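Working notes, beginning with the structure itself.
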Amino acid sequence: MQNVYFERERITVDDAQFAEFCSHFREIPAGGGLVRNKEGKYLLIYRHKLWDLPKGKQEPGEDIETCALREVEEETGLHDLKLGGLICITHHTYHLFGEKILKHTYWYHMTDEREESLLPQLEEDITGAQWVEKERLPEYLEGTYPSIVEVFVNAGLL
């Protein structure tokens, strides 16, 4: 079974019918990261008045792991992150210029060992970035996108 998010509503699509379901959309692969620092805090970004995780679209010829690292770096200013294992793949839909889009985001564990300053990517409407203690994650994630909550659940943090 695959969870797919329409806005904030989740539907479940049977694995056997997922390819047929996907055929009704233009599919976009993306990569993102759940970044943990040396202190055990997790990185959140603030975009469109919600706490979120850094992620973005895969470039042509780029593997998905490189995409995830590049997007986290671009959106947060962090460099030389250590890539860990795949957490999960989330699926969400949206409309763009009248076209139906289905974005598949591959989420990876990442570690920041350098303790650099965070530099939110303003041109992507990211107005903040913050390290958050594990115990405080639920308050930050209240009201955010359900697909982001799914990443934390699959990572065993909620």
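Within segment 1-56, track down each residue that is of a type in the set (Ser, Thr, Tyr) and under 25 Å from Leu119 (Cβ atoms). Once the filter is applied, which keeps residues that are of a type in the set (Ser, Thr, Tyr) and under 25 Å from Leu119 (Cβ atoms), segment 1-56 yields Tyr42, Tyr46. Failed condition for Leu119, given (1) modelled with pLDDT under 95; (2) under 16 Å from Arg8 (Cα atoms), with all others met? Unmet for Leu119, out of (1) modelled with pLDDT under 95; (2) under 16 Å from Arg8 (Cα atoms): (2). Name the residue, out of Leu122, Leu118, Leu158, that is surrounded by fewer than 15 Cβ atoms within 10 Å (Cβ to Cβ) and in contact with a helix residue (DSSP H, G or I) (Cβ under 7 Å, 6 or more places away or on another chain). Residue meeting the stated conditions: Leu158.
Run down Leu78, Leu83 and say which single residue is farther than 19 Å from Ala155 by Cα, over 12 Å from the mean Cα position of the chain (by Cα), surrounded by 15 or more Cβ atoms within 10 Å (Cβ to Cβ) and of a type in the set (A, V, I, L, M).
Numbers: Leu83 fails: farther than 19 Å from Ala155 by Cα.
Within the list Leu78, Leu83, the selection yields Leu78.
Evaluate the following for Gly31: is it farther than 19 Å from Gly143 by Cβ, in contact (Cβ under 8 Å) with a residue 12 or more places away in the chain, part of a strand (DSSP E or B) and in contact with an Asp or Glu (Cβ under 8 Å, 6 or more places away or on another chain)? The answer is yes for Gly31.
Which residue, of Arg136, Arg114, is closer than 14 Å to Asn37 by Cα and of a type in the set (Lys, Arg)? First the steps, then the outcome.
Details: Arg136 fails: closer than 14 Å to Asn37 by Cα.
Unique residue meeting the criteria: Arg114.
For segment 43-65, filtered to residues that are over 24 Å from Glu135 (Cα atoms), free of Cβ contacts under 8 Å to residues at least 12 places away in the same chain and out of contact with any helix residue (DSSP H, G or I) (no Cβ under 8 Å at 6 or more places or on another chain), the residue that is surrounded by the fewest Cβ atoms within 10 Å (Cβ to Cβ) is Pro60. Looking at (1) closer than 16 Å to Lys100 by Cα; (2) part of a loop (DSSP other than H, G, I, E, B), which one does Gly40 not meet, given that it meets all the others? The failed condition is (1).
Residues that are among the aromatic types (Phe, Trp, Tyr), at pLDDT 95 or above and surrounded by fewer than 17 Cβ atoms within 10 Å (Cβ to Cβ) do not occur anywhere in segment 30-42.
Any chance segment 53-60 includes a residue that's in a loop (DSSP other than H, G, I, E, B), in contact with a strand residue (DSSP E or B) (Cβ under 8 Å, 6 or more places away or on another chain) and among the aliphatic types (A, V, I, L, M)?
Taking segment 53-60 as the starting set, the residues that turn out to be in a loop (DSSP other than H, G, I, E, B) are 53-54, 58-60.
Okay, now just the ones that are also in contact with a strand residue (DSSP E or B) (Cβ under 8 Å, 6 or more places away or on another chain), so 53-54, 58.
Within this subset, residues satisfying the condition of being among the aliphatic types (A, V, I, L, M) are 53.
There is at least one residue in segment 53-60 that is in a loop (DSSP other than H, G, I, E, B), in contact with a strand residue (DSSP E or B) (Cβ under 8 Å, 6 or more places away or on another chain) and among the aliphatic types (A, V, I, L, M).
The values are calculated or read from the model by the stated rules, or taken from the named source; none is laboratory data. What you are looking at is a predicted structure, and each value in this text was computed from that prediction instead of being measured. As a convention, Cβ positions derive from the backbone with ideal geometry for all residues, glycine included, and neighbour counts pool all protein chains shown.
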